[in-house]
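The structure under discussion appears below in the form of structure tokens.
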Amino acid sequence: MGKTAVITGITGQDGSYLAEFLLEKGYRVVGVTRRTSTQVNERINHLEGKIELVSADLLDQSSLTAVMRDARPDEVYNLAAQSFVPASWAQPVLTGEFTALGVTRVLEAIRAIDPHIRMYQASSSEMFGLVREVPQCESTPFHPRSPYGVAKVYGHWITVNYRESYDLFAVSGILFNHESERRGLEFVTRKITDGVARIKLGLANELRLGNLDAQRDWGFAGDYVRAMWLMLQQETAKDFVIATGRTHAVRDFVRLAFESVDLSWEPYVVVDPRFVRPAEVDLLIGDPSKAKAQLGWQPETTFEQLVERMVRADLERLSRTVAV
């Protein structure tokens, strides 16, 4: 009998890739979704009939406890959060409820139903914020620069606390930026590739962006979900930085995206102060050496391949729209 995994945030980018990965491993996959008046399941529509969807909410303890009781999972992957950094300034309290206290509710549900359940918590490189050292590793101090980053720090440390207090197998993956064609359009990488595709197809004539000098360590989401699974297969619960170890400026992403459609970026890109963060995170670059040594993990998709893949996917998507 295969293992059962519960994934919160299954409708998101990481949740959809993780569900695919676990199905290939023979898992029974139970996805947690929030009950809304409209379903937003486009990333997992192709998995219909292969996964089970249940309704619960990170704001509601009883619903999470019911999921653990009914599904009886071997593993829980907590990927749900208010995950868009700019929105965390507009909704700081809600971000704290979902992204911070929501982790505690998941942990409490596990502790109440079966403390042998293994849990993965999605931590974030945004916790490093105003970085104290370059590159950032598991022991680098946190200095978050957004309500989202602050909430993620809480989620990270409450996971450590439950591991040490209740002997739960609870780990955090400190994932650096990971992208794909399934990334939401509000995120800068997808905003760029969608914008480039629109300009190439004659649907737009400019792309408005914020800080082009911010530097990030970008990888492919499909590679990163493999690391999540590996972390829960270890004998000992440990936290890991998951990253490529390479950094690129937003400007580099823009240049490569335009080059992939044979255009120069300068005539089309407008720097708009509205898209500059109140407190910027200037340089993030992760040190994945622990994950490589202890998990046997390393990214398989290069930065250049990632950018080209995303632009190609947006071109195909928008071309279908134009044809209709």
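Key figures
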| quantity | calculated |
| --- | --- |
| Hits in segment 187-207 (condition: assigned to a loop (DSSP other than H, G, I, E, B), open to solvent by 60 Å² or more (accessible area, probe 1.4 Å) and either touching a strand residue (DSSP E or B) at 6+ places or on another chain (Cβ under 9 Å) or closer than 20 Å to His248 by Cβ (or both)) | Glu206 |
| Spans of helices (runs of 4 or more DSSP H) in segment 1-106 with at least 3 residues under 17 Å from Tyr120 (Cα atoms) | 13-24, 61-71 |
| Residues that are in contact with a Lys or Arg (Cβ under 7 Å, 6 or more places away or on another chain) and open to solvent by less than 20 Å² (accessible area, probe 1.4 Å), drawn from segment 1-26 | Thr4, Gln13, Ser16 |
| Enumeration of residues in segment 277-289 that are open to solvent by less than 70 Å² (accessible area, probe 1.4 Å) and either touching a His at 6+ places or on another chain (Cβ under 6 Å) or modelled with pLDDT under 80 (or both) | Arg277, Ala279, Glu280, Val281 |
| Some residue of segment 43-51 being in contact with a Lys or Arg (Cβ under 9 Å, 6 or more places away or on another chain), of a type in the set (Val, Ile, Thr), open to solvent by 20 Å² or more (accessible area, probe 1.4 Å) and more than 23 Å from Val160 (Cα to Cα) | yes |
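Residues are listed down the side, and each one gets a yes or a no for (1) open to solvent by 10 Å² or more (accessible area, probe 1.4 Å); (2) outside any loop (DSSP other than H, G, I, E, B); (3) basic (Lys, Arg):
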| position | (1), (2), (3) |
| --- | --- |
| Gly222 | yes, yes, no |
| Ala227 | no, yes, no |
| Leu230 | yes, yes, no |
| Gln234 | yes, no, no |
| Arg246 | yes, no, yes |
| Phe253 | no, yes, no |
| Leu263 | yes, no, no |
| Val270 | yes, yes, no |
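The values are calculated or read from the model by the stated rules, or taken from the named source; none is laboratory data. Computed from a predicted structure; not experimentally measured. Note that each Cβ is placed from the backbone with ideal geometry, even for glycine, and that neighbours are counted across all protein chains shown. Please note that ligands, DNA and RNA were not included when accessible areas were found on the heavy atoms of the full protein model with its side chains. Shrake-Rupley method; radii C 1.70, N 1.55, O 1.52, S 1.80 Å.
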